[in-house]
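These notes concern the structure reproduced below.
Bear in mind that the values in this text are calculations on the coordinates, not laboratory data. Quick caveat: nothing in here was measured; it's all calculated off a predicted structure. Backbone-built Cβ (ideal geometry, glycine too); neighbour counts: all protein chains shown.
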Amino acid sequence: RSFASQTDGEARVTRVLREKFPRASAIKGVGISGGCGAMYEIHIESEDFREKRTVQQHQMVNQALSEEIKSMHGLRIFTSTPKA
């Protein structure tokens with residue numbers, strides 16, 4: 001989807017993640033709640049995750065979105081590091 005077709009919630013989540021993970025090579029936040037804006041799926045690829053366990057990577061994302069999470073019902077997180 002192009003940026004113009006993102007919902008406000010998707011744009012906000014993506015913007016916050018870009019601020020918190022400036023070294024990220026890919027960030028995508030997608031609303032998966034059918035329009036109510038309460039559940040998101042996040043894909044983020046960043047060097048910040050290298051040498052960290054998956055649970056640590058997810059904690060970093062949860063911390064970055066701590067304010068936004070307060071109004072969410074659910075969040076699916078997919079993290080990775082750029083391929084060498």
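Given a Förster distance of 35 Å, report the FRET efficiency between Glu51 and Lys28 from their Cβ-Cβ distance, rounded to the nearest 0.05. Numbers along the way, then the final one.
Numbers: r = 23 Å, r/R0 = 0.66.
Working from the Cβ atoms, E equals 0.90.
With axes computed from alpha carbons, what is the tilt in degrees of helix 8-20 against the longest principal axis of the chain, rounded to the nearest 10 within 0 to 90?
20 degrees
Give me the percent of DSSP beta bridges within the chain that run antiparallel, rounded to the nearest 5.
Details: 7 of 14 bridges.
Around 50 percent antiparallel, to the nearest 5.
In bins 5 Å wide, starting from 0, what share of all Cα pairs of the chain does each bin hold, as a percent?
3, 15, 29, 25, 17, 8, 3, 0
Quick one: compute the contact order of the chain, relative version, from alpha carbon pairs under 8 angstrom and 6+ residues apart, as a percent.
Values: 117 pairs, mean separation 25.2, N = 84.
Here the relative contact order equals 30 percent.
Sum -39500 (n - 2.57) across every DSSP H segment of at least 4 residues in the chain, then divide by the residue count to get the 222 nm mean residue ellipticity, nearest 500.
Calculated mean residue ellipticity at 222 nm is -9500 deg cm²/dmol.
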